[in-house]
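Before any comments, here is the structure.
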Amino acid sequence: MISIQTADFAPDVEYQALRGEGEDTGAIVTFTGLVRDFGDRQGVTGLFLEHYPGMTEQAIQALIDQAHQRWQIQRTRVIHRVGNLDLGERIVFVGVASAHRKDAFAACEYLIDALKASVPLWKKERGTDGDHWVEQKASDRQPGF
């Protein structure tokens, strides 16, 4: 399941959804990204995130499909927030359920790295010295997957 939203999310609720009813689930791995007070510059006071509706969800679904082809995973959940976010707020949630921990860890890491590298989302840092759009870093374009 994929959600692009302005509203916050509750990681514990998302975890329970990943757990589901299946007794064959042996591992659930999650990642939650937060707004921090530094980025390209020091003194970050918040973020503004934009996306391309429709294209963003399609790009994330393609990554989820690839993860299902590469690993034996049962369920996935990706939430990405857009709009204005303040320090400490949750930005992104990636969760993977699998019968085995190695598949769950690998797929979760792949999804967050690939999301950062290839999904059409744009981030502007709000800061004490003004606002600026964040450029994708070389390390984001060449993730280890």
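The values are calculated or read from the model by the stated rules, or taken from the named source; none is laboratory data. On a predicted model such as this, the values are computed, not experimentally measured, just so you know. With ideal geometry, Cβ positions are generated from the backbone for all residues, glycine too; neighbour counts draw on all protein chains shown.
General observations
- Test: residue in the range 103-118 that is buried (at least 16 other Cβ atoms within 10 Å of the Cβ), farther than 23 Å from Gln5 by Cβ and of a type in the set (Gly, Ala, Ser): yes
- Single match in Arg70, Arg81 (criterion: in contact (Cβ under 8 Å) with a residue 60 or more places away in the chain and charged (D, E, K, R)): Arg81
- Residues (in a helix (DSSP H, G or I) and either in contact with a helix residue (DSSP H, G or I) (Cβ under 7 Å, 6 or more places away or on another chain) or more than 22 Å from Glu21 (Cα to Cα) (or both)) located in the range 66-85: Gln66, Ala67, Gln69, Arg70
- Number of positions in the range 51-76 that are surrounded by fewer than 17 Cβ atoms within 10 Å (Cβ to Cβ) and of a type in the set (A, V, I, L, M): 2
- Scanning the range 42-65 for residues that are within 22 Å of Asn84 (Cβ to Cβ), part of a helix (DSSP H, G or I) and aliphatic (A, V, I, L, M) yields a count of 2.
- All of (1) loosely packed, with under 13 Cβ neighbours inside 10 Å; (2) closer than 23 Å to Gln5 by Cα hold for Phe93 with one exception: (1).
- Search result, residues across the range 33-50 that are of a type outside the set (A, V, I, L, M), surrounded by fewer than 15 Cβ atoms within 10 Å (Cβ to Cβ) and within 17 Å of the chain's Cα centre (by Cα): Arg36, Glu50
- Under the condition of being at pLDDT 90 or above, in a helix (DSSP H, G or I) and over 14 Å from the mean Cα position of the chain (by Cα), the residues counted in the range 106-145 number 1.
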